[in-house]
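> Sharing a structure with you now.
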Amino acid sequence: MTFWLFTIGLSSIIAGFFTLVLFGSRTQDSGSASEINFYKAQLADVERDKALGHIDPQDAEQMHIEISRRILRLDSLQQESINPKRPKQHIVLALLLAAMLIGGSHLMYLYLGAAAYPNLLQAERIERAARLLENRPSLEEYANSFAPQQQPRQMSEDYSSLVTELRSALEDNPSDLKGLRFLARVEAGLQNYSAASAAQRQVLNLLGAQVTADDHLDYAELLILSVGGYVAPEAEAALQAALKLDPQNGGARFYIGLMFTQNDRPDLAFKVWRDLLLKGPDTAPWIDPIRAQIQEVAFYAGVHNFTLPEQPSSPAIEPVAPALSDEAMEAAAQLSPEERSEMIKGMVAQLSQRLKDEGGPAQDWARLISAYGVLGDDAALQNTYRSAIAKFAADPAALELLKNAVISAGGSP
């Protein structure tokens, strides 16, 4: 209440000054007593010259009338400056001006301001943000209050049976590293991010000292997606683990910047994201999300001279298609496990032979690399990758696509 009383009083004083300036006295010293006395002295001189015969009586009478008229005019102006009369329109205009200044300023503050927000020094704001970051909810606490925005994708009955068999097989054999990687990708594709993160956590446990920065990043990303984009302490720990192995890991740095935006540190988020945006590459998956948000982050960080760099045009690269289509997966559901394995190997062999004989786009080569990763054939994966990069050596975008396919398949580019 004190705040509002103070602001109303201050705006009223300002409105009063504006009113005085606009509707102050319009007369100045035109009717001052000195001027009136001057004309009275002239009247006395005229009467004296008339008595001495220096002025004709008729001329003296005309001069007397003119000087008296000026004295009356000056006296009227002097009285008006002491007691000015204002038209009613002026009074209404003054009231409207005061209402606009007082009411308009308060309405603007209600829209833009925050009356209950304390006036914090920069050091206090940084300390407050640090406490907010340290005491933010855990993944479980946030998940309990989080309404999922995405529902798991619907599957056909046959496809669902295959996924159920995969889950069951890995429950019986929890040390199957390649199977767990595959399960994590399948669950993520179905938007079962919690299940996908659980599978990826098992991958990390099995890898031990052989874990990579991208393995930690995949785990952190699945945790973040499971709660709609919130960077929980558990996800931050995985991101820090990735950065410990690879301090320049772009994906981990992007999510660290996102965490800063969620905890009142837009200044730190802007520094991280601007660095990622300038370094590129423009095909990196974090570039588009940064471009969509960094101008708003710059505004809240107090950076008002930031200009979004132009986005260079580049050939569109289609995402890598899965090794098997939905129709093939449904057909595979009708076969025994041994027949399914043979069917998959046969389809992969056909794709490999076609690319060897006829060639094909980079997307097909990346699809073949992914298929060898699922089958666990590391030798074929590396041979295919070497053949592909030799074929597309002059195409940087294709090389980037092939490199990503090898990494996703668990190989080394």
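The values are calculated or read from the model by the stated rules, or taken from the named source; none is laboratory data. Remember, it's a predicted structure, so these values are computed and weren't measured experimentally. Every residue, glycine among them, receives a Cβ derived from its backbone with ideal geometry; neighbour counts consider all protein chains shown.
> Is it fair to say residue 159 is at pLDDT 85 or above, surrounded by 14 or more Cβ atoms within 10 Å (Cβ to Cβ), assigned to a helix (DSSP H, G or I) and of a type in the set (Ser, Thr, Tyr)?
No: the conditions fail for residue 159.
> Within segment 376-393, work out how many residues are exposed (fewer than 13 other Cβ atoms within 10 Å of the Cβ) and not charged (D, E, K, R).
So the count comes out to 3.
> Another question, if that's okay. Restricting to segment 394-413, name every residue that is more than 30 Å from the chain's Cα centre (by Cα), crowded, with 20+ Cβ neighbours inside 10 Å and assigned to a helix (DSSP H, G or I).
Answer for segment 394-413, where residues must be more than 30 Å from the chain's Cα centre (by Cα), crowded, with 20+ Cβ neighbours inside 10 Å and assigned to a helix (DSSP H, G or I): 398, 402, 405, 406.
> For residue 320, are the conditions met, namely being at pLDDT below 85, outside the structural domain of residue 361 (by TED's automatic domain parsing) and either in contact with a Ser or Thr (Cβ under 7 Å, 6 or more places away or on another chain) or surrounded by 19 or more Cβ atoms within 10 Å (Cβ to Cβ) (or both)?
yes
> Pick from 44, 116: which is modelled with pLDDT of 80 or more and aliphatic (A, V, I, L, M)?
44
> Please state which one of 133, 139, 180, 190 is surrounded by 14 or more Cβ atoms within 10 Å (Cβ to Cβ), in contact with a Ser or Thr (Cβ under 9 Å, 6 or more places away or on another chain) and either modelled with pLDDT of 80 or more or of a type outside the set (Ser, Thr, Tyr) (or both).
139
> Being surrounded by fewer than 20 Cβ atoms within 10 Å (Cβ to Cβ), outside any loop (DSSP other than H, G, I, E, B) and not acidic (Asp, Glu): is that true of residue 293 here?
It is true that residue 293 is surrounded by fewer than 20 Cβ atoms within 10 Å (Cβ to Cβ), outside any loop (DSSP other than H, G, I, E, B) and not acidic (Asp, Glu).
> Also: Take residue 240 and decide whether it is assigned by TED's automatic domain parsing to the domain that holds residue 291, of a type outside the set (A, V, I, L, M, F, W, C) and at pLDDT 95 or above.
yes
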